[in-house]
Amino acid sequence: MAGMIDDYAPEAPSPEDLATTSGAVLLDFGTNWCGHCQAARPRIEAALAGHPDVRHIAVEDGKGRPLGRSFGVKLWPTLVFLRDGYEVQRLVRPQDVGEIRDALDAL
């Protein structure tokens, strides 16, 4: 079941694993201590509630974290929307649940 992941996990899938993943995936880059990430959390959760088919992966980002670097993440949270391993869209510091929902709908 998809849904909100409570914590950003230090373990991240490899870019190769993501490239071969089928279906819809939301990569959510941030940290557990980031105020912007904490503020966005309810918006992300609300948007995901209507999309049980989307796999949500919350990835802890920061210095020395290669997955975030491979996606060019500079600000948190950065949401990367993947379909069958390819980036379809991204949102940086989303302020509105509607924009997250629209991106999920496009998947």
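Some observations on this one:
- Selection of the range 32-61 for residues being in a loop (DSSP other than H, G, I, E, B) and more than 21 Å from Glu16 (Cα to Cα) yields Asn32, Trp33, Cys34, Gly50, His51, Pro52, Asp53.
- Screening Gly30 on (1) small (Gly, Ala, Ser); (2) in contact with a helix residue (DSSP H, G or I) (Cβ under 6 Å, 6 or more places away or on another chain); (3) at pLDDT below 95 shows it passes everything except condition (3).
- Beta carbons closer than 6 Å, at least 6 apart along the sequence or on distinct chains, pair a first residue in the range 89-102 that is in contact (Cβ under 8 Å) with a residue 40 or more places away in the chain with a second that is part of a loop (DSSP other than H, G, I, E, B) and surrounded by 17 or more Cβ atoms within 10 Å (Cβ to Cβ) for Ile100/Pro94.
- Pairs meeting the criteria (first residue in the range 14-26 and over 20 Å from Asp105 (Cα atoms), second residue surrounded by 12 or more Cβ atoms within 10 Å (Cβ to Cβ) and hydroxyl-bearing (Ser, Thr, Tyr), beta carbons under 6 Å, at least 6 apart or on different chains) are Pro15/Ser70.
- Qualifying residues in the range 1-22 (those that are surrounded by fewer than 20 Cβ atoms within 10 Å (Cβ to Cβ) and in contact with an Asp or Glu (Cβ under 7 Å, 6 or more places away or on another chain)) - the one modelled with the highest pLDDT: Ser22
- Between Gly64, Gly72, Gly98, the distinction of being out of contact with any strand residue (DSSP E or B) (no Cβ under 7 Å at 6 or more places or on another chain), assigned to a helix (DSSP H, G or I) and surrounded by fewer than 20 Cβ atoms within 10 Å (Cβ to Cβ) belongs to Gly98 only.
- Val25 vs. criteria surrounded by fewer than 21 Cβ atoms within 10 Å (Cβ to Cβ) and not in a loop (DSSP other than H, G, I, E, B): no
The values are calculated or read from the model by the stated rules, or taken from the named source; none is laboratory data. It should be emphasised that the depicted structure is a prediction, and the values quoted were computed from it without experimental measurement. All Cβ positions, glycine included, derive from the backbone under ideal geometry; neighbour counts span all protein chains shown.
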